[in-house]
Amino acid sequence: MKKIEHIGIAVKNIEESNTLFASLFGKPHYKMEEVLSEGVKTSFFKAGPNKIELLEATNPESPIAKFIEKKGEGVHHIAFAVKDIYSEIERLQKEGFTVLNTTPKKGADNKLVAFLHPKSTNGVLIELCQEIE
Ligand code: ZN
């Protein structure tokens, strides 16, 4: 794994949170993107070299809706950039981690993504992401 690519935060109302995080960072988000397959609307902020992704559910079946129902708003996942997501998935499976989608899927921000089940990572949802070239 190369580095933390971003931290994902589940929010109830992305417009309100855009305003909140814009005042926190002193600048507005730089893009918004809807990921239909995941049922989420995302918004991205930069704080120095770091990236924050806000996620709002677009339907009640969305993983974000379920997360907020159970735990409320807050940190949802930590995403790590990887060089080769396919070999990383294979390596982590061999190490005993539960990979939620063994076939990477297209996520927000032009990335291929895969998630590790929080049960296998001390309660933290881990996202692997690889830039699509
Ligand atoms: Zn993410």
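Looking only at region 83-118, count how many residues are more than 15 Å from the ligand (Cβ to nearest atom) and either modelled with pLDDT under 95 or assigned to a loop (DSSP other than H, G, I, E, B) (or both). Full working, then the answer.
Going through region 83-118, the residues more than 15 Å from the ligand (Cβ to nearest atom) turn out to be 83-84, 86-99, 102-103, 117.
Pick out the ones that are also either modelled with pLDDT under 95 or assigned to a loop (DSSP other than H, G, I, E, B) (or both) and you get 83-84, 95-98, 102-103, 117.
Of the residues in region 83-118, 9 are more than 15 Å from the ligand (Cβ to nearest atom) and either modelled with pLDDT under 95 or assigned to a loop (DSSP other than H, G, I, E, B) (or both).
How many residues does region 2-18 hold that are of a type in the set (A, V, I, L, M, F, W, C) and either in a helix (DSSP H, G or I) or more than 15 Å from the ligand (Cβ to nearest atom) (or both)?
1
Within the group V113, V124, which residue is touching a residue at least 24 places away in the same chain (Cβ under 8 Å), exposed (fewer than 13 other Cβ atoms within 10 Å of the Cβ) and touching a Pro at 6+ places or on another chain (Cβ under 7 Å)?
When all the criteria are applied, what remains is V124.
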*Residue by residue through region 10-39, note down the ones that are more than 26 Å from K105 (Cα to Cα) and surrounded by 20 or more Cβ atoms within 10 Å (Cβ to Cβ).*
S17, F21
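To keep it simple, each residue is scored yes or no on (1) more than 15 Å from the chain's Cα centre (by Cα); (2) more than 13 Å from K12 (Cα to Cα).
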{"position": "T42", "(1), (2)": "no, no"}
{"position": "Y86", "(1), (2)": "yes, yes"}
{"position": "R91", "(1), (2)": "yes, yes"}
{"position": "T103", "(1), (2)": "yes, yes"}
{"position": "I126", "(1), (2)": "no, yes"}
{"position": "Q130", "(1), (2)": "no, yes"}
*So S37 fits all but one of (1) in a helix (DSSP H, G or I); (2) more than 15 Å from the ligand (Cβ to nearest atom); what number is the exception?*
(2)
*Within region 88-100, tally of residues that are surrounded by fewer than 18 Cβ atoms within 10 Å (Cβ to Cβ), out of contact with any helix residue (DSSP H, G or I) (no Cβ under 6 Å at 6 or more places or on another chain) and farther than 20 Å from I7 by Cβ*: 6
*Considering only region 40-65, state which residues are surrounded by fewer than 14 Cβ atoms within 10 Å (Cβ to Cβ) and not in a strand (DSSP E or B).*
G48, P49, N59, P60, E61
*Checking G74 against (1) surrounded by 12 or more Cβ atoms within 10 Å (Cβ to Cβ); (2) more than 22 Å from K3 (Cβ to Cβ); (3) touching a residue at least 40 places away in the same chain (Cβ under 8 Å), which single condition isn't satisfied?*
(1)
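The values are calculated or read from the model by the stated rules, or taken from the named source; none is laboratory data. These numbers come from a predicted model, not from an experiment. Don't worry about glycine lacking a Cβ; one is built from the backbone with ideal geometry, like all the others, and counts go over all protein chains shown.
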